[in-house]
Amino acid sequence: MRVTVGVSGGIASYKAAELVRALQRQALEVHVVMTEAAIRFVQPLTFQALSGNRVITSLWDQQGAPMEHIDEALWTEALVVAPATANILAKFAHGIADDFLTTMHLATRAPVLVAPAMNVNMWEHPATQTNLEILRQRGVRVIEPGSGDLACGMVGAGRMAEPDAIAEAVLNMLGHRHDLAGETVLITAGGTREALDPVRFLGNRSSGKMGYALADAAHARGAKVILISGPSALYPPSGCETVQVTTADQMREAVLNRMDEASIVVKAAAVADYRPVVVSEQKLKRTGPLTLELAPTEDILAEVVRRRHPGQLIIGFAAETENLAENGRAKLLRKGADAIVVNDVSGDHAGIDSDVNAVTFLTLSTAIEMPEMPKRKLADRILDEILSLRRPKQMVMELEDSNGLEEFAVRRRPVIVE
Ligand code: CTP
């Protein structure tokens, strides 16, 4: 995605360099436009070196195309002005177009975000506040300045928001969070098949839709995705490495082979719990009643938990038809995962093979209900909760009043990585 960072002239201009880096870390392409005042604070070369692109400093720059302000206005998918001085806010509010940034601002249909930075009196001045109100009403997003010591020696509001916070606001504005950039997410999906003979198998109704939606969502949020899938009629999501398997054993092998690469493992697959002890080499004939002897398969999720590396998040799924919360929590304890996504598969409507689902995201201390919604949307909600497991509050486990949790806590390694 493409972002234009407008830098106007203030002490905080140097912080725009950090903003450019933060946006690039999210795999965004960044152009920088500087006002004349801004180049008195920071050299355009700084931004050129960081962004890898020529920095636009003037409407009359002969190097650019004759209509560069229009080209840039059409190119960009988000305009963020950081720092935004009182002067630039006033110009934006009143439609003044007397340099590249202000002209481009009028010419673009892309969303606009401003990160004001100025002296506290200038910030509190009714003219500035009125201009901000005009901009807000027009749909411009404002990321409020913080309070503290200001460069002018005064104390109060006016300090530009931190570059990381501005970058996050830009991503939200774009509707594209890249909060999984740098992560590798291993996802299992679909059902497995256990052969009875050359033409028959024991399988289940899992379609793979939930796992594929998770893979697609994780990829869209910047993760490297390894999707290990049982047989599925779905087209593999683009940008994901898909490993096709058939049996529970093959799925186990593929997961164990690749799990060390992953920072997050999500086991959405419906894995067979039993496999036939004998697989007939020839097609079984109808000779009257038939009794199958079945042997349990390995529990892949439990094995992944045993072999996890520090910081790795492991999320299971649970398909239940009754006593959802109780069974889900018991499964969470038994398996030792960080969380379990509990699925009600008793009805026909949502769940297995459906495009929608309603689930409960269960951790030791929380149960987050996610009402029925399309699986792709649900995938994002689940990823949000998975990421929130990294927040320190999750380390505080409510052990007092829960049976068996002490044992669980011993088996469980901390999930904090930073
Ligand atoms: N799972 C697994 N290996 C198995 C069976 C299940 O890794 N052999 C994983 C699934 O991918 C899922 C979780 O364990 O993330 C729970 O699956 P589920 O079928 O609901 O539970 P089971 O462990 O099979 O328990 P039960 O069938 O008794 O409810």
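The values are calculated or read from the model by the stated rules, or taken from the named source; none is laboratory data. Treat the numbers as computed from the prediction; the structure is a model and nothing was measured. FYI the Cβ positions are ideal-geometry reconstructions off the backbone, even for glycines, and counts take in every protein chain you see. Accessible surface areas use protein heavy atoms only, side chains included; no ligands, DNA or RNA. Shrake-Rupley method; radii C 1.70, N 1.55, O 1.52, S 1.80 Å.
Mind telling me which of the residues Gly230, Gly208, Gly203, Gly191 ends up being surrounded by fewer than 18 Cβ atoms within 10 Å (Cβ to Cβ), within 16 Å of the ligand (Cβ to nearest atom) and under 23 Å from Glu303 (Cβ atoms)? Working first, answer last.
Values: Gly230 fails: surrounded by fewer than 18 Cβ atoms within 10 Å (Cβ to Cβ); Gly208 fails: surrounded by fewer than 18 Cβ atoms within 10 Å (Cβ to Cβ); Gly191 fails: surrounded by fewer than 18 Cβ atoms within 10 Å (Cβ to Cβ).
Checking each option against the conditions leaves just Gly203.
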* With respect to the numbered conditions (1) closer than 27 Å to Gly182 by Cα; (2) open to solvent by 30 Å² or more (accessible area, probe 1.4 Å); (3) within 13 Å of the ligand (Cβ to nearest atom), which one is the sole condition not fulfilled by Ile300? -> (2)
* To do: Please enumerate the residues belonging to segment 148-167 that are under 34 Å from the mean Cα position of the chain (by Cα) and aliphatic (A, V, I, L, M).
  => Ala157, Met160, Ala161, Ala165, Ile166, Ala167
* Asked: Take the residues of segment 244-275 that are more than 22 Å from Ala337 (Cα to Cα) and within 15 Å of the ligand (Cβ to nearest atom): which is least open to solvent (accessible area, probe 1.4 Å)?
  -> Val245
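Can Glu322 be described as within 12 Å of the ligand (Cβ to nearest atom) and either in the same structural domain as Gly203 (by TED's automatic domain parsing) or in a strand (DSSP E or B) (or both)? I'd like the intermediate steps shown before the answer.
Working: within 12 Å of the ligand (Cβ to nearest atom): yes; either in the same structural domain as Gly203 (by TED's automatic domain parsing) or in a strand (DSSP E or B) (or both): yes.
Taking the combined requirement at face value, the residue satisfies it.
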* When residues of segment 306-319 are filtered for being within 12 Å of the ligand (Cβ to nearest atom) and open to solvent by less than 20 Å² (accessible area, probe 1.4 Å), how many remain? -> 4
* Asked: Where in segment 1-97 are there strands (runs of 3 or more DSSP E), lying fully within it, with 2 or more residues that are more than 27 Å from Gln129 (Cα to Cα)?
  -> 29-34
* To do: Go through segment 359-390 and give me each residue that's within 16 Å of the ligand (Cβ to nearest atom) and assigned to a strand (DSSP E or B).
  => Val359, Thr360, Phe361, Leu362
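Kindly evaluate Pro289 against the criterion of being open to solvent by 90 Å² or more (accessible area, probe 1.4 Å), without any contact (Cβ under 8 Å) to a residue 60 or more places away in the chain and either more than 11 Å from the ligand (Cβ to nearest atom) or within 30 Å of the chain's Cα centre (by Cα) (or both). Can you show your working first?
Details: open to solvent by 90 Å² or more (accessible area, probe 1.4 Å): yes; without any contact (Cβ under 8 Å) to a residue 60 or more places away in the chain: yes; either more than 11 Å from the ligand (Cβ to nearest atom) or within 30 Å of the chain's Cα centre (by Cα) (or both): yes.
In short, yes.
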* Could you check segment 146-239 for strands (runs of 3 or more DSSP E) lying wholly inside it with 2 or more residues that are touching a residue at least 60 places away in the same chain (Cβ under 8 Å) and of a type in the set (Ser, Thr, Tyr)? => 184-189
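Take the residues of segment 325-355 that are among the basic types (Lys, Arg) and either out of contact with any Gly (no Cβ under 6 Å at 6 or more places or on another chain) or free of Cβ contacts under 8 Å to residues at least 12 places away in the same chain (or both): which is farthest from the ligand (Cβ to nearest atom)?
Arg329
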